[in-house]
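Enquirer: This is the structure I want to talk about, given as structure tokens.
The values are calculated or read from the model by the stated rules, or taken from the named source; none is laboratory data. Note that the coordinates shown come from a computational prediction; the quantities given were computed from them, not determined experimentally. Positions of Cβ are backbone-derived with ideal geometry, glycine not excepted, and every protein chain shown enters the neighbour counts. Please note that ligands, DNA and RNA were not included when accessible areas were found on the heavy atoms of the full protein model with its side chains. Shrake-Rupley method; radii C 1.70, N 1.55, O 1.52, S 1.80 Å.
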Amino acid sequence: MRKIRHYLEVMDLTGAEVKALVNQALAWKRRGYPRSRPLAGKQVALIFQKPSTRTRVSFQSAVSRLGGDSFYLGWGDLQLGRGETVEDTGRVMGRYVDAIVARVFSHQDLVALSGNGRAPVVNALSDRHHPCQALADVMTVFEFSKTPAKTKIAFVGDGNNVCTSLIQACALLGLKIWVANPADYRPPSDEVEKAVRAAERSKGEVVLTDNPREAVRDADFVYTDVFVSMGQDEERAKKLSAFLPNFQVNKKLMSLAKPSAKFMHCMPMRLNEEVTPEVAYGPQSVIYDQAENRMHTEAALLYLLLGGRRR
Ligand code: CP
Ligand code: NVA
């Protein structure tokens with residue numbers, strides 16, 4: 001029997017797998033999806049504990065384009081809402097479906113969901129990682145850069161789930177990433193260490209600084225995400241005072257990057273907080289391609305995890 005593989009964090013894949021997956025996604029974006037419907041007969045459950053526009057819809061569309069079926073379940077629709085354990089939910093669901101895509105508050109819940117289950121579990125965002133977003137992000141870099149290995153990617157803002165997964169994806173692929181966070185809002189040090197070790201192997205570069213100008217200088221891509229993530233509303237005032245005004249991506253900060261630099265954001269955006277409208281909707285912005293790329297990379301990911309697998 002084929003071993004079940006989960007995708008809870010970027011490091012669950014190898015650099016070669018991420019590269020192949022991005023190439024597959026680029027090919028499907030350019031030439032369309034295969035007529036052979038490689039996921040025909042496969043069922044994918046989407047369990048979401050938090051709201052979503054892109055992740056939910058892009059996964060449903062990706063599964064459908066590959067010939068499979070998916071259905072959406074809110075956390076409160078399941079017995080989870082009445083206290084059934086996450087472990088039992090995973091084991092039972094694994095008897096019905098071929099893959100579980102889950103968005104949760106606590107990353108530990110994903111670990112529990114994947115333990116001893118029969119179906120691959122895919123992280124659709126947790127407090128610690130957003131690995132599906134990172135696949136779309138590196139695809140966007142490969143789409144807009146002719147020389148990805150030479151590009152400088154700058155992430156400015158909160159050292160959150162998006163930032164952590166982006167660092168790890170860049171590190172696996174040998175890309176150069178500079179991250180600017182306030183000292184109190186760096187990504188978890190154990191996750192950064194994993195990335196630094198991977199970058200040593202891939203000849204990439206991971207640099208952390210508290211200076212946004214230094215990170216953005218001569219960058220080819222400038223990336224930001226919200227300062228206040230889902231579930232952090234109580235910290236809102238404190239976080240905004242740590243990030244504003246220095247960590248906002250505005251025209252002045254963008255002017256330090258290369259003139260050809262692209263602006264990236266995972267979306268949804270909080271305009272006039274982490275980014276100004278003139279940058280978000282300006283000529284350098286590639287946010288809608290980046291959002292579209294969620295669907296292509298998720299299709300390639302499910303194809304990797306499920307393709308050819310017989311029940
Ligand atoms: N970028 C992202 O994950 O968006 P959603 O929250 O809309 O899924
Ligand atoms: N960091 C954000 C990403 C949303 C897609 C959050 O976790 O809310």
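Enquirer: LYS251: which aspartates and glutamates have alpha carbons under 16 Å from its alpha carbon, excluding same-chain residues fewer than 8 sequence positions away?
Expert: LYS251 reaches GLU214, ASP218, ASP220, GLU273, GLU274, GLU278.
Enquirer: Enumerate the calculated ³J(HN,Hα) couplings along segment 104-116 in order (Karplus 6.51 cos²θ - 1.76 cosθ + 1.60, θ = phi - 60°), each rounded to whole Hz, writing x wherever the residue is Gly or Pro.
Expert: Listing the rounded values in order: 9, 6, 9, 4, 4, 5, 5, 4, 5, 4, 8, x, 6 Hz.
Enquirer: What's the magnitude of the charge dipole for segment 2-130 around its Cα centre, counting Lys and Arg as +1 and Asp and Glu as -1 at the beta-carbon? Answer in Debye, nearest 20.
Expert: Its charge dipole is roughly 740 debye.
Enquirer: Here is a further query. Give the angle, between 0 and 90 degrees and rounded to the nearest 10, that separates the Cα long axis of helix 287-306 from the longest principal axis of the Cα atoms of the chain.
Expert: With both axes taken from Cα atoms, the answer is about 30 degrees.
Enquirer: Further question on the same structure: Using Cα-Cα distances under 8 Å and only pairs 6 or more residues apart, what relative contact order does segment 133-195 have, in percent?
Expert: In percent, rounded to a whole number, it is 38.
Enquirer: What is the angle, in °, between the Cα long axis of helix 131-144 and the longest principal axis of the Cα atoms in the chain? Nearest 10 is fine, range 0 to 90.
Expert: Around 60 degrees separate the two axes.
Enquirer: If you place +1 on the Cβ of every Lys and Arg, -1 on the Cβ of every Asp and Glu, and leave all else neutral, what size is the dipole of segment 210-266 about its Cα centre, to the nearest 20 Debye?
Expert: 300 debye
Enquirer: Within the chain, what whole-number % of the accessible surface is contributed by carbon and sulfur, with the 1.4 Å probe and all protein chains included in the calculation?
Expert: 48 percent
Enquirer: Apply the a/c threshold of 1.5 to the C-alpha gyration tensor of segment 1-100 and tell me whether it is rounded, prolate or oblate.
Expert: prolate
Enquirer: Using 0.36 nm per residue, how much length does the chain from ARG217 to ARG197 gain when fully extended, once their Cα-Cα distance is taken away?
Expert: Here the segment from ARG217 to ARG197 would lengthen by 4.7 nm.
Enquirer: What does the charge count around GLN284 come to, taking other residues whose C-beta lies under 14 Å from its C-beta (Lys +1, Arg +1, Asp -1, Glu -1)?
Expert: That sum, taken over residues with Cβ under 14 Å, equals +1.
Enquirer: Mind ordering 17-30, 164-177 by average Cβ neighbours within 10 Å, highest first?
Expert: Per-residue Cβ counts within 10 Å, averaged per peptide and sorted highest first, yield 164-177, 17-30.
Enquirer: Next question. Just name one of TYR303, VAL222, GLN232: the one whose Cα is farthest towards the positive end of the charge dipole of segment 213-311 (beta-carbon charges, Lys/Arg +1, Asp/Glu -1).
Expert: TYR303
Enquirer: Which ³J(HN,Hα) values in Hz, rounded to whole numbers, follow from the phi angles of segment 161-176 under the Karplus curve 6.51 cos²θ - 1.76 cosθ + 1.60, where θ = phi - 60° and Gly and Pro get x?
Expert: 4, 5, 4, 4, 5, 5, 4, 5, 5, 4, 5, 5, 8, x, 8, 9
Enquirer: Taking only DSSP H segments of four or more residues, each worth -39500 (n - 2.57), what value at 222 nm results for the chain once the sum is divided by all its residues, to the nearest 500 deg cm²/dmol?
Expert: When only DSSP H runs of four or more count, the value is -12500 deg cm²/dmol.
Enquirer: If you don't mind, there's one more thing I want to ask. Which value, in debye to the nearest 20, describes the size of the charge dipole of segment 96-208 about its Cα centre when Lys and Arg Cβ atoms bear +1, Asp and Glu Cβ atoms bear -1, and nothing else is charged?
Expert: Dipole size: approximately 420 debye.
Enquirer: Just to confirm the number: angle between the C-alpha axis of helix 15-31 and the first principal axis of the chain, 0 to 90 degrees, nearest 10?
Expert: 90 degrees
Enquirer: Per residue of segment 61-78, in order, report the coupling 6.51 cos²θ - 1.76 cosθ + 1.60 (Karplus, θ = phi - 60°) as ³J(HN,Hα) in whole Hz, putting x for Gly and Pro.
Expert: Here the 3J(HN,Hα) series is 5, 4, 4, 5, 5, 9, x, x, 10, 9, 9, 9, 10, x, 3, x, 6, 9 Hz.
Enquirer: Defining a contact as two alpha carbons under 8 Å apart and six or more residues distant in sequence, what relative contact order in percent does the chain show?
Expert: 20 percent
Enquirer: Using mean Cβ contacts within 10 Å as the protection proxy, how do 153-162, 46-55 order, highest first?
Expert: 153-162, 46-55
Enquirer: Okay, moving on. In a solvent-free Debye calculation with one equal scatterer on each Cα, what is log10 I(q)/I(0) for segment 1-57 at q = 0.29 Å⁻¹, listed in the order of the q values?
Expert: Computed log10 I(q)/I(0) values: -1.13.
Enquirer: Sticking with this structure for a sec: For segment 41-175, build the charge dipole from Cβ charges (+1 Lys, Arg; -1 Asp, Glu) around the Cα centre, then report which of LEU135, LEU125, GLY41 sits farthest towards its positive end.
Expert: LEU135
Enquirer: Also, I was wondering about something else. For segment 165-251, what relative contact order do you get, as a whole percent, if you take Cα pairs closer than 8 Å and at least 6 residues apart?
Expert: 30 percent
Enquirer: Convert 20 °C to kelvin, take the viscosity as 1.002 mPa s, use the Kirkwood radius over C-alpha pairs of the chain as Rh, and evaluate the Stokes-Einstein diffusion coefficient in µm²/s, rounded to a whole number.
Expert: The calculation lands on 109 µm²/s.
Enquirer: Going by a ≥ b ≥ c, the root eigenvalues of the Cα gyration tensor, does segment 103-194 fall in the rounded group (a/c under 1.5), the prolate group (a/b larger than b/c) or the oblate group?
Expert: Oblate.
Enquirer: Could you check the spin-label model distance between GLU17 and THR53? Points 7 Å from the Cα along Cα→Cβ, value in nm.
Expert: It is 3.1 nm.
Enquirer: Further, regarding this structure: Quick one: which residues, 5 or more positions from LEU125 or on another chain, have an amide H under 5 Å from its amide H? H modelled 1.01 Å from N in the peptide plane, none for Pro or chain starts.
Expert: Result for LEU125 returns VAL104.
Enquirer: Per residue, what accessible area does the chain have, given a 1.4 Å probe and all protein chains present, in Å²?
Expert: 44 Å²
Enquirer: How do PHE263, PHE71 rank by accessible surface area computed with a 1.4 Å probe, from largest to smallest?
Expert: PHE71, PHE263
Enquirer: Using a 7 Å offset from the Cα along the Cα-to-Cβ direction at both SER36 and GLU234, what is the distance between the two label points in nm, to one decimal?
Expert: 5.2 nm
Enquirer: What order, most packed first, do the peptides 78-86, 280-288 have when packing is the mean number of other Cβ atoms within 10 Å of each residue?
Expert: Sorting 78-86, 280-288 by mean packing, highest first, produces 280-288, 78-86.
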